[in-house]
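The values are calculated or read from the model by the stated rules, or taken from the named source; none is laboratory data. Bear in mind that the values here come from a model prediction, so they are computed numbers and not experimental data. No Cβ is skipped: glycine too gets one built from the backbone with ideal geometry, and neighbour counts run over all protein chains shown.
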Amino acid sequence: MNVSIVGSGYVGTTVAACLADLGHTVTNVEIDEDIVEAINAGEAPIHESGLAERIAAHAGTTLRATTNYEDVRETDVTFLCLPTPQSDDGSLDLAIMQAGAESLGRALAEKDDDHLVVVKSTVLPGTTEDVVGPILEAESGTEIGDGLELAMNPEFLRMGTAVEDFLEPDKVVFGTASDEAPATLRELYAPILERDDTDLVETDIREAELIKYANNAFLASKVSLVNELGNIAREYDADAYEVLEAVGLDDRISDRFMRSGLGWGGSCFPKDVNALRAGAREQGYDPELLDAVVAVNDEQPRRLVELLAAHVDLEGARIAVLGLSFKPGTDDIRKSRALDVIDHLTDRGAVVVAFDPVAIENVRPDYPDIEYADSAAGALEGADGAVVATDWPAFDDLSFEGMARSVVVDGRRIDVDEDALEVYEGLTW
Ligand SMILES: NC(=O)C1=CN([C@@H]2O[C@H](COP(=O)(O)OP(=O)(O)OC[C@H]3O[C@@H](n4cnc5c(N)ncnc54)[C@H](O)[C@@H]3O)[C@@H](O)[C@H]2O)C=CC1
Ligand SMILES: O=C(O)[C@H]1O[C@H](OP(=O)(O)OP(=O)(O)OC[C@H]2O[C@@H](n3ccc(=O)[nH]c3=O)[C@H](O)[C@@H]2O)[C@H](O)[C@@H](O)[C@@H]1O
């Protein structure tokens, strides 16, 4: 099938490369010329395992990128993979989606054949039909249902394992409002749907939109609940990891997303939980539980720094921060809990020396006044204390030798030889 993908970030680039791998012909429409150039040169514009080789294999044949929206006319289906960030008040900001829909609609005005537009971005219920649809109709001069079809197909991939998650998902969700769209989507996803482990959910557009938010809200809530239980466990001098490992043996609960500590960050959970809270309020419902989920998450970095302050006078102290990315396996620092830890430390007068295997250059512009080290050992050298903010595997079994005082507060439960340290505190154990 001939497919166009608007927006070539984490989702758009991954989906494009994977669809090309499944045998489709794919055009990425992207406003960033550097990204377009990279893809056309056969290079991955972002770091994701398995992505570079797929782009290299298909670029120039069945995969190409362009800044020209008119190229969508050569395709049968367009996926919108544009950012849906949060506004200052936490609500969903649709400005980029609206601009993208306008450009797409204008390009489709000159197309005679039928076209299917699929929203893949995370959007609140009603956005596809009440915002994107009317813009497409107005700009293209074609009515939905009469040459133009709409569908919603949320994406559940995680950063760091994006390719694997897209090609081997637990579920695929199609939200449609016509008879033709499901058949087209089934054909497009055929090899993925043929897997025994992939469930297909076919539903209406509103449900598909909400499934995505409910999914993220559930996972973020699970981690906040695990953190609250971890905080309580610590008060009782109990080990939350042992407790929750046992709890996770219950099939109804599962052992995944059970790691307590510094909390959840990233470009998705924070903005999506906030958009759902703001959207719920707009609909007249007060989402008290989701408010608490965010409140618990926001407290964990402060709690970590309090634990350290119980052992080290932070004013003027040299503190190593190990890990900056919002989780291991990525250089993404958006809403990383590590940044909150750094803010609390510097507010209390500490001298921060940070290390991360890949994310330092993303942090430096916003934090030019802290120190950065080339290695974990370099960050620890002469430090009066250390905090673990990201569970990079490379931090397991680290030697904390060289610290002025080996006081370590761990927010992520890495493997540590506690007996070799003066003080070792786990945030929730
Ligand atoms: N990053 C992730 O792991 C996941 C993200 N999502 C959702 O997918 C959507 C996209 O997210 P990401 O790929 O992370 O965003 P991103 O920010 O990585 O990429 C978006 C791309 O769109 C481009 N763009 C902006 N305006 C444009 C326009 N008018 N025309 C063409 N291109 C334009 C940007 O230059 C950028 O390359 C969001 O709604 C997000 O919530 C869903 C599942 C996973
Ligand atoms: O909507 C999205 O964009 C994506 O958001 C998350 O994916 P991602 O943000 O890449 O990362 P996760 O692996 O879910 O981790 C999110 C945060 O939760 C934290 N976490 C996760 C699991 C856990 O047990 N404990 C924990 O603190 C991580 O450290 C990280 O900060 C979801 O897992 C994806 O399914 C979804 O598609």
Over the range 293-335, the set of residues farther than 22 Å from residue 275 by Cβ, more than 16 Å from ligand 1 (Cβ to nearest atom) and within 18 Å of the chain's Cα centre (by Cα) is 323, 324
Consider only pairs whose beta carbons are under 8 Å apart and that are at least six residues apart or on different chains; among these, list those whose first residue lies in the range 411-428 and is in the same structural domain as residue 390 (by TED's automatic domain parsing) and surrounded by fewer than 16 Cβ atoms within 10 Å (Cβ to Cβ) and whose second residue is aromatic (Phe, Trp, Tyr) and part of a loop (DSSP other than H, G, I, E, B). 420/400
Which is within 16 Å of ligand 2 (Cβ to nearest atom) and at pLDDT 95 or above, of 163, 117, 132? 163
Among the numbered conditions (1) more than 10 Å from ligand 2 (Cβ to nearest atom); (2) of a type in the set (Asp, Glu); (3) crowded, with 22+ Cβ neighbours inside 10 Å, tell me where residue 298 comes up short. (3)
So which of 325, 336 ends up being closer than 18 Å to residue 373 by Cα, of a type in the set (S, T, N, Q) and either within 12 Å of ligand 2 (Cβ to nearest atom) or not assigned by TED's automatic domain parsing to the domain that holds residue 366 (or both)? 325
Over the range 381-415, the set of residues touching a helix residue (DSSP H, G or I) at 6+ places or on another chain (Cβ under 9 Å) and aliphatic (A, V, I, L, M) is 386, 387, 388, 389, 394, 398, 403, 407, 408, 409, 414
So residue 289, is it part of a helix (DSSP H, G or I) and either assigned by TED's automatic domain parsing to the domain that holds residue 393 or not β-branched (Val, Ile, Thr) (or both): yes
